[in-house]
Each structure stands twice: as structure tokens, then as C-alpha cells.
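Have a look at the structure below, then the notes.
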Amino acid sequence: MIKIHKLAALLILTICSCQQIEEQRLRLTSKLFNKGIVIAGITHLKENDPNCNNKNCAVIEVNYPIFKSQPLLNQRIESILKKEIEGFLPSVGTAKTINDYMKLFIKSYVIFKKQFPESKTPWFLEIVVETNYNDSGWLSFASSSKSYTGGVRTNEWMQYINTDTLGRTIDIEDKIGDFSELRKQAEIIFRNQNQLAPDAPLSATGFTFKNDQFHLPENIGSNDTHILLHYNNYEIGDNIQGAILLKIPYPSVTDVAEFPYYEDILMYYEDFLNWWSDQNWTP
């Protein structure tokens, strides 16, 4: 089969002029090396309890990317942050901006502190939105949060958000293909990471998959080299297991594969041009 691929590549190259070959190379390599839309910067916002006079104060911090000339995408990122903060609020009232939501978080703590003055540990919430993948009109974000609003321990949470450049949700299965094969690969990696034999029950180390059958997590994202599968705390086990991250390697997450022999063409491109130039032919 590889000989057929090579032959197809050489045939395509030989029937084109040098100019056409260069145009073909640029089209293909633009897919391979396109780095996506431009990030203008990272925004950092912080809000403290204004009534606190020591270092141990209630605080909320958020970090997120801003994209150049992409208002709809920036609005989507802001909506992600506001929804995360809203989960810690009794209501949002007339709040509109991220800063409004952050002030409400601090206000909620101040009210809580008046009701329970014996409480010693102040609240905190930290949210970070990172761009894991940005190419060919597909962006994969990781939004992670760490918080304490009472109880015996801090809480951590992660979600992946996959969008296009307009901030619209992308069905990641359309990008990476049938989930059935991904599920098989993921289970192999999961068992290897947790030292489980292929035929051992998943519950052997305390994991709680429904009917003891492996399933993919709610959060599936991507970076430049891997499909990322993230199980949050309590999704398949208790807090002892903690969050589980599986990385499934793959050669390409873009649509380069729409041109089936692009790797062969790029491989033989330079050799062909060298041979062509040796002939002293004029295209």
C-alpha cells in the first residue's frame, strides 16, 4: 500500500508545474502549521474582602485569555467564567460583568461571616481558563477551579470546552471520530495507569464504573498531541482516587487527513524538486 501512496504522490507532483507544486505545498503545510487565531493577552482579575485587614482574607481570582478581533469568542469565555462563579452564589441579581459576579462572591462571604462569626477559614475561589488547542477553527479550553466555601476540604473541578472561533460549541466526536475506538484505547491506558490486568474488574482498586463497564468521562478535550480525558473527583470514585487524566496520543487533530497522501507528498517534495532542478528544465 505504501508503494501506491508513493506513486500517487509522485504522479501528483510530476503533472504540476513548479508553481503549482509550490501552491500545493503551501496549502498542505498551512494546515499542518496553522497556529489558529491570535491571543491578545491574559486577563487577571482579583477581588478581596474590603473589610479584611490581614493576609488571611476572602478572595476570588480569575485568569482567562482574550483573543484579538474575536468578540463572540471572548463573550463565550466570559460566559463560562460567570457561570462558574454563579454556582457559588445564591442569586446574581443585576450582575452583568465578571467583576460584578466577583463582588457578589465576596458579598456572600461577608453575609456568611456575620451569620457565623466563629468560622475561621475565609472563602476563596480561583478559576483559570487555558487554551489547550487552537488550530483550524477549533479551540479546546480547560477551565479549572479551586475553591473553599466551608466544609472540611477544598474542592477542585475541571471542564473542557470545545468551540469554533465564534464561540459556538463543537461536537468533539465530529473532530476525533467514532468514540467506540477511543473508548477501547482509553480503557487500555486507564488499566495500565492503575496497574489493572486486562481481565481484572475495574472495581478492584475502588473505582465505581456503572455495571463495572468502562466509559468515557464527561470532559473530553484536546491539545496539540493528545486527546484529553478528565474524570473529576467523585465521577468514578471517591476523593481518595481524586481526579483522573488520560492522554490518548494521536498524530493529528486537524482536518489535514482530508487529503489522504499529504505526508507522502511532503516527504518526497524536496527530493522531487532537487531532481527537477538537476534536469535544467524550464517549467
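Here are some residues: Ser136, Ser144. Which one is closer than 23 Å to Phe67 by Cα and at pLDDT 95 or above? Testing whether each residue is closer than 23 Å to Phe67 by Cα and at pLDDT 95 or above leaves just Ser144.
Residue-wise test of (1) under 30 Å from Val59 (Cα atoms); (2) in contact with a strand residue (DSSP E or B) (Cβ under 7 Å, 6 or more places away or on another chain).
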{"site": "Val129", "(1), (2)": "yes, yes"}
{"site": "Arg153", "(1), (2)": "yes, no"}
{"site": "Gly206", "(1), (2)": "no, no"}
{"site": "Gly221", "(1), (2)": "yes, yes"}
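What about Ser180, is it more than 16 Å from the chain's Cα centre (by Cα), of a type in the set (Gly, Ala, Ser), assigned to a helix (DSSP H, G or I) and loosely packed, with under 15 Cβ neighbours inside 10 Å? Yes: the conditions hold for Ser180.
Scanning the range 204-224 for residues being within 18 Å of the chain's Cα centre (by Cα) and at pLDDT below 90 gives a total of 1. For first residues located in the range 202-217 and over 21 Å from Met158 (Cα atoms), partners that are in a helix (DSSP H, G or I) and not charged (D, E, K, R) and lie 6+ apart or on another chain with Cβ distances below 6 Å form the pairs Asp212/Leu202; Asp212/Ser203. Restricting Ile176, Ile189 to those that are at negative phi, at pLDDT below 90 and out of contact with any helix residue (DSSP H, G or I) (no Cβ under 6 Å at 6 or more places or on another chain) reduces the list to Ile176.
The values are calculated or read from the model by the stated rules, or taken from the named source; none is laboratory data. Worth saying up front: this structure is predicted, and the values here are computed from it rather than measured. No Cβ is skipped: glycine too gets one built from the backbone with ideal geometry, and neighbour counts run over all protein chains shown.
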